[in-house]
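Report on the following structure.
The values are calculated or read from the model by the stated rules, or taken from the named source; none is laboratory data. Since the model is a prediction, treat every value here as computed from it, not as a measurement. No Cβ is skipped: glycine too gets one built from the backbone with ideal geometry, and neighbour counts run over all protein chains shown. SASA here: full protein model, heavy atoms, side chains in, ligands and nucleic acids out. Shrake-Rupley method; radii C 1.70, N 1.55, O 1.52, S 1.80 Å.
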Amino acid sequence: MPWFRAIEEFSDARNIHESKRDDDPDQEVLPRVVEKTILPKITAFVKSVWDPLSTSQTKNLVQLCNHIFEKQVLSKNECSRGKEDLINMVVLRMKKSIEEDVFIPLYPRSTVEDKSSLCSKFQERRFWSAVKLLSNVLLWDGIVQEDTLRDLGLSKLLNRYLLLILLNTPPGLDNTEKCNKVVACFPERWFQDLKSGSTLPELRNFCQHLLQCALLLCFVFFFSDETKEVLLLLVKVKALHIVEDFIEENKLEHLKSMIGK
């Protein structure tokens with residue numbers, strides 16, 4: 001908007017030398033305007049308007065926050081209360097959505113094996129709605145603290161709700177597709193520094209499910225592309241010890257390249 005551009009031009013933040021930033025009070029004008037006027041407005045929208053189940057809304061909001069936080073750089077010794085309030089409200093809304101919008105119905109496996117049944121269709125809709133929310137929650141990686149996101153996305157959404165359906169779905173194409181979509185939600189950055197061969201603690205139950213699927217698929221079909229696809233999911237989340245043990249126990253030495261051996 002014109003007033004924002006006018007303040008930005010006044011601050012001349014892009015042309016000033018780094019050595020002068022801390023000495024020039026004009027550099028504080030734009031961040032303080034953002035702090036006092038823009039962040040409270042966005043926080044109010046997050047509280048009353050934003051739907052965490054909407055991917056388009058979430059992507060727009062994440063993009064906006066990243067852009068605003070770039071502008072909103074206060075003195076080195078000063079933290080932004082407005083930014084903290086906004087992020088806290090984002091976390092609060094996501095918690096509320098997980099508690100109120102996620103519902104996973106549990107039916108006997110015999111009831112949902114018929115994909116045309118109403119129970120199966122309803123369960124599928126609820127599962128994919130929860131996966132969508134998982135994806136939207138993890139879009140906040142880099143803005144919301146990682147520990148908080150792992151608690152919301154992995155401990156609460158994945159382990160408390162999504163795993164119930166995965167454990168009730170027989171190993172096969174359907175189960176593998178569901179697991180694939182779940183893994184696709186995880187930020188790759190979370191796994192870059194894991195060097196012990198073990199995955200994140202919150203993913204242990206999920207990895208055990210993948211291992212059981214791989215074992216059953218290997219037992220029924222000996223070794224198939226579908227078994228390999230499940231193992232690749234374990235590799236993606238850096239559960240390398242599990243994959244290595246599986247390869248050794250089933251004498252599949254030709255797959256050692258999957259884990260870099």
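Annotations
- 25 °C / 0.890 mPa s Stokes-Einstein diffusion coefficient of the chain, Kirkwood radius on C-alpha pairs, µm²/s: 115 µm²/s
- By the combined test of axial Cα extent (at least 18 Å) and Kyte-Doolittle hydropathy (mean at least -0.5), the qualifying DSSP H helices of the chain come to 118-138, 173-185, 204-221.
- Taking 0.36 nm per residue of sequence separation and removing the Cα-Cα distance, the residue 219/residue 167 pair yields an extension gain of 16.9 nm.
- Pairwise inverse Cα distances across segment 111-260, averaged and inverted, put the Kirkwood hydrodynamic radius at 16.2 Å.
- Distance between modelled label sites at residue 256 and residue 84, nm, 7 Å Cα→Cβ extension: 5.3 nm
- Note on surface exposure: 87, 98 rank 87, 98 by accessible area, highest first, 1.4 Å probe.
- FRET efficiency for residue 159 and residue 128, using Cβ-Cβ distance with R0 set to 25 Å, rounded to 0.05: 0.90
- Ordering of 231-244, 114-127, 139-152 by packing is 231-244, 139-152, 114-127, highest average first (other Cβ atoms within 10 Å, averaged per residue).
- Mean-position separation - Cα centroids, segment 231-254 and segment 156-194, in angstrom: 17 Å
- Extension gain for residue 110 to residue 36 (0.36 nm times residue separation, less C-alpha to C-alpha distance): 20.9 nm.
- For the pair residue 5 and residue 44, a Förster radius of 22 Å applied to the C-beta separation gives a FRET efficiency near 0.40, rounded to the nearest 0.05.
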